[in-house]
Every structure is written in structure tokens, then in C-alpha cells.
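Report on the following structure.
Throughout, read-outs are computed from the coordinates displayed, never taken from laboratory work. Just so it is clear, the structure is predicted and the values come from calculations on it, not from any experiment. Here the Cβ positions follow ideal geometry from the backbone for every residue, glycine too, while neighbour counts run over all protein chains shown.
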Amino acid sequence: MNADRTRPPRGWRSAFGLGVANGILFNFGTAFTDTAAVLPAFVSRLTGSSVAVGALGLIAGGLNQLPQLLVANFMETRRRKLVFYQVSSLVRVACWPAIAVLTYFWADRNPALTLAVFFAGYGVYMLASGVGSIAFMDVVSRTLPANRLARFFALREIGGGALAFVAGFVVRGILGRGGPTHLGHDYALIFAFSAAIIAPALLAFCLVPEREGQARPRRTPMLAFLLRAPAVLRRDANFRRFFTMQMLSGAVGIAMPFYAVYARRVILIPEAMIGIYVSAGILGRIGTNLAWAALNDRRGSLTVLRRAAALNFLVPAVALLLAVAPLPRLAAMWAFSAVFCFAGAAAAGGFIGATNYFVETSPELERPLYLGVLNTFGVAATALPMVGGIIIDHSSFQVVFAIAMAAALRGHPEGVPSGSPERAAVAAAVFVRSLAAPPRKEAAS
């Protein structure tokens, strides 16, 4: 098995090139609909509800991950799985143009209806993405040599990140245009840019020359398949450790949709700064990607995951400190870019570390099941941003950020011992909450 896995498969260079092109364009296109800055700002403009902003996390993560265990059951009997990606791509290509058109005509006239339609269209997009992601990982793991995976994902991130960095300034230009702001016109244009770039990205990977892999002779009955999921966690200690670590670190997402809203309400930033924060997040991602890949090659994926967990702690910590730091508003507005920069760096490290650890430790025949278990059981964490929204509406941003700090510490591969300085930092974060000023009225656009 190992010898076969290290021997370069036929056609891997073509698959490598198409996969890198797919990643570059996809990262570029999705920067226009960034889930940490652009979409929360859009939903916040449609409604003042923090719960609605938090619902983005449930849609983006929950609907993406929910179908994966079920889809994995069907994939196990297929030697070729690219067709699942191709079908999901057709659905995804149709979603953003439809959302852009409806936003253009309805956002300024009927925000409530626009929000409902947006959530429906975005939900369909994420469901299709969930189906495609299992096929993507399986095809990549069977088509590319194991020693090329870190470089493959790094090139996708660096190339796409460079273009996505530019996308942030495009978003800033659109949202910062002079004259009265038209919510529908501005965001419809942003969504249209995303749609035009994502379509060729998905097409590129649809053309990858897939090689056949192992498959089960017959499909396991769904009930029996579902019962296999807990057994995987019981018998595979490496996967159990990885699963627990991912679930805990995923709890950091309780605060992720709210940083842009927090900056708007507390730091009083103008809406055009959202584009700068998108670029800051991208800069954090691409600026650390090669370093993460090199660290993975030298020290292993667990070391990468440890460092990413430390950065996840800094994201809410910096947001809390900027609320009480004696800085002029303009300085605080630009300093807040560090929040998104650290978040981007942590995401890059988490992705490279988790992807490599998963591919290294999961058996090929059961990889769809492993991925389905990991993602489907992680759905619970995607509901946390809605919980965060409820806390914000009834308490404050600061409480949610302190919870995110604690989650980042518990998501560390070795955890955090009692009485450690990191535990004291969590207590300090709660204390900062008592010093921070309450949210003020949002800045004018």
C-alpha cells in the first residue's frame, strides 16, 4: 500500500496543474463573499439581529457538513468519484448569479425577503459544496503523490491568496463609492464578481484525469453504515485524537462572524474598511503558507496544528484589547486589521496541518467514511455562532470573544494544563469584558 502511494500515478502532473488552477480561482472568487467580513456585513445591513449574522456559520458549516456522512456511503462503492464533484459544481455555478440578481432588485425594497432568499440560495450552495468536498479530497488523495500534497495546497493558497488580496480592495472600492449607498446595487456587484470567477474554478477541477481507486463490492445498508461511524472513533486512536482536536478548535468559530460587526459598532469603522479587512485576512493566509508547509515537512502536521491553535487565541484577544486601548479612532480602525491577519494565518495553518494529518492517517478504503464522520459530527460546532449571536444580543461581544479564547486553548493538540499562564489569560479576557465599553451605534456608511 505505502509503495503504491509513493509511486507517482499516471497523469498526476495534469491533475496537479488543474487542481492548482482550481484552488487559485476558487480562493479569488470566494474572497468577494468572505464569511468573516463581507457576508456578515451584508446580513448586518439587512437586519440588526446578531442571531441572523450568527446563522451564517450554521449555513456555511452545518449545511456543508451535514450531508457528507450520507454521501460517503454512496461513494464507497464507486471506484471513480469525480462525478459527484461535477454534479455539485453545476448546482454551485447557478447559485451566486441568482443571489446577485435577487439582491440587486430586492435588497433596498424588501430587506426581510432578501435575507430569506439569500439564506435559501446560500444554503443550497453550501449543501452542494459539502457533496463536492468529499469527492475533491478523495480524488486528490488518489491522484497526487503523497509527497506533493503540501506543495499542492500551498500553491493553491498562495496563488489564490495573491488574487484574493486584490479582491479586498475591489470590495473596498465598491462599498466606498461616493454618493448615497445602495445596498442592493453594491452587494449584487460583489456577488456577481464572485460568480464570474468561481464558475471557471469549478470547471478546472471537473477536468482532472481521475484514476480508479479501491471500492467496496456493495453498498453497506445506511443504518449499518451509520453504526460504523462510532466504531471508527473507538478503534482508531489517531483519528479519535484528531477528531476531538478539530471539534474543540472549531468552537473558536463562535466569534468568527462578529469581528466585522464588532468593528463597525464598537470601533466605529466605515463600511468600506470591510474590504481592507478581507485583504488583511488574505495577507495572513498567503504570508504564512510557505512557512506552514515547510514546518509541516520538518516537524510534522501536529506541530502545525499546535501553532495554529496559538494564533486562534490571539484573534479574539487582540479584538478585546483594541476596544480598551488608548488609540485614536483612525489608528484603532487600521490596527483592527491584525484581527483578520491573525485569523487568516491560523486558518492557513489549521488547513495545512489538518489536511496532511488526515491524509497521512486515514486508510484509503475508508477515507470517505472518515471524512464524513469528521464533518458530519462537527455540525454541532457550526451552530455556535448562532449561540454567540444570542449572547451578544443579550449581553456583549466581549463575553463571546472570551469564550473563543478558551476554545482556542482547549483546541490545542495537548490541551492546556490547569494553572498554566494560558488559563490566566482567559481569566484576564473576562476581566477585559468588564472594562470594555458597551457597543455603540453603528458607523454611517
**Fill in**
At R0 = 51 Å the Cβ-Cβ FRET efficiency linking A331 and L227, nearest 0.05, sits at 0.35
**Request:** Starting from the Cα gyration tensor of region 51-104, take the square roots of the eigenvalues, sort them a ≥ b ≥ c, and report rounded, prolate or oblate (rounded when a/c is under 1.5, otherwise prolate if a/b is larger than b/c, else oblate).
**Result:** oblate
**Complete:** P(r) of region 89-173 over all Cα-Cα pairs, 5 Å bins starting at 0, rounded to whole percent, reads 3, 12, 13, 13, 19, 17, 10, 7, 4, 2, 0
**Request:** Pop a pseudo-label 7 angstrom from the Cα along the beta-carbon direction at both F169 and V101 and give the gap in nm to one decimal.
**Result:** 3.3
**Complete:** The simple spin-label model distance between L302 and L268, using points 7 Å out along Cα→Cβ, in nm, is 5.0
**Message:** If you scale each eigenvalue of the Cα gyration tensor by 5 and take the root, what three semi-axes come out for region 234-357, rounded to whole angstrom and sorted largest first?
**Reply:** 31, 15, 11
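Equivalent ellipsoid semi-axes for region 260-326, as square roots of 5 times the alpha carbon gyration tensor eigenvalues: give them largest first, rounded to whole Å.
On the way: eigenvalues 175, 45, 11 Å².
Equivalent-ellipsoid dimensions as semi-axes: 30, 15, 7 Å.
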**Request:** Arrange I274, I197 by Cβ neighbour counts within 10 Å, fewest through most, would you?
**Result:** I197, I274
**Rough spin-label spacing in nm, given labels placed 7 Å along Cα→Cβ, for T361 and I390** = 3.2
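Determine Rg/Rh for region 1-140; Rg is computed over alpha-carbon atoms and Rh is the Kirkwood hydrodynamic estimate from the same atoms. Intermediate results must be reported in sequence, preceding the final value.
On the way: Rg = 18.0 Å, Rh = 17.0 Å.
Rounded to two decimals, Rg over Rh is 1.06.
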**Complete:** By the C-alpha gyration tensor axes a ≥ b ≥ c (rounded if a/c is under 1.5, else prolate when a/b exceeds b/c, else oblate), the shape of region 18-435 is oblate
**Message:** Could you give each residue of region 81-90 its phi-based ³J(HN,Hα) in whole Hz, using Karplus coefficients 6.51, -1.76, 1.60 with θ = phi - 60°, and x for Gly or Pro?
**Reply:** 10, 5, 4, 5, 5, 5, 5, 5, 5, 4
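Arrange the following residues from fewest to most other Cβ atoms within 10 Å of their Cβ: H182, H394. Working shown, then result.
Working: H182 14, H394 9.
Result, fewest neighbours first: H394, H182.
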**Request:** On a C-alpha basis, how far is the centre of region 86-153 from the centre of region 21-74 in Å? Whole number, if you could?
**Result:** 8
**Length-normalised contact order for region 95-195 - Cα pairs under 8 Å, 6+ apart - percent** = 55
